[in-house]
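Taking it in order: structure first as structure tokens, then the write-up.
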Amino acid sequence: MSDTISYLMVKVCRAHRCLAGALLADYGLHVGQEVLLMYLWEYDGRPQSELVDLMAVEPPTLTRMLNRLEKSGLLERHRDQIDARVCRIYLTEAGWALKEPIQRIWRELEARTMANLAIEERVLLRRLLMQVRRNLE
């Protein structure tokens with residue numbers, strides 16, 4: 001089993017997640033929460049249903065994440081003024097303040113992930129990972 005690509009992918013994902021978790025912990029975040037913040041930095045006030053689709057998670061998973069981040073003071077939920085069935089998610093000042101540190105963490109993750117790979121190898125790896133993802137979806 002240890003000589004299979006699937007085994008190696010699991011090990012790579014686990015190492016990446018572990019490093020990301022350690023870096024994010026300094027800001028009181030768990031892996032995945034930073035991705036939600038990134039979507040909100042791109043477009044604050046997204047509907048909760050749109051975030052479920054963007055993040056490719058189940059609604060209860062996103063709800064738990066939103067609850068934690070709201071409790072931490074990083075975001076707020078507001079009903080849409082036109083359609084009260086729609087819940088929009090807005091960053092607080094504290095949520096916006098994490099933008100630069102989180103972007104710095106992602107740059108560090110990328111640098112460490114791609115260290116010792118030539119540009120050609122990076123391009124090939126990206127292309128291969130995109131194909132593997134399509135295969136699995």
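Work out the FRET efficiency for Arg14 and Ile119 from their Cβ-Cβ distance, taking R0 = 25 Å, and round it to the nearest 0.05.
0.40
Would you order Glu120, Glu70 from fewest to most other beta-carbon atoms within 10 Å of each residue's own beta-carbon?
Final ranking by Cβ density, sparse to dense: Glu120, Glu70.
Want the number for Arg107 to Val86: 0.36 nm per residue separation, take away the alpha-carbon distance, what's left?
Net length gain for the segment: 4.2 nm.
Ranking Leu19, Leu124 by Cβ neighbours within 10 Å, fewest first, what do you get?
Going from sparsest to densest Cβ surroundings: Leu124, Leu19.
Neighbour counts of other C-beta atoms within 10 Å: give me Tyr43, Tyr90 arranged from fewest to most.
Tyr43, Tyr90
Quick test of the membrane-span-like rule: which DSSP H helices of the chain reach at least 24 Å along their long axis (C-alpha atoms) with mean Kyte hydropathy at least -1.0?
Taking the DSSP H segments of the chain (at least 24 Å long, mean hydropathy at least -1.0), we get 5-25, 119-136.
If contacts are Cα pairs under 8 angstrom and at least 6 residues apart, what is the relative contact order of the chain in percent?
Dividing the mean separation by the residue count of the chain yields 22 percent.
If each of Arg79 and Gln48 carries a label point 7 Å out from its Cα toward its Cβ, how far apart are those two points in nm?
Computed distance between label sites Arg79 and Gln48 equals 1.2 nm.
Laboratory data are not the source of any read-out in this text; all were calculated from the coordinates shown. Just so you know, these numbers come straight off a predicted model, no measurement behind them. Here Cβ is always computed from backbone atoms with ideal geometry, including for glycine, and neighbour counts include all displayed protein chains.
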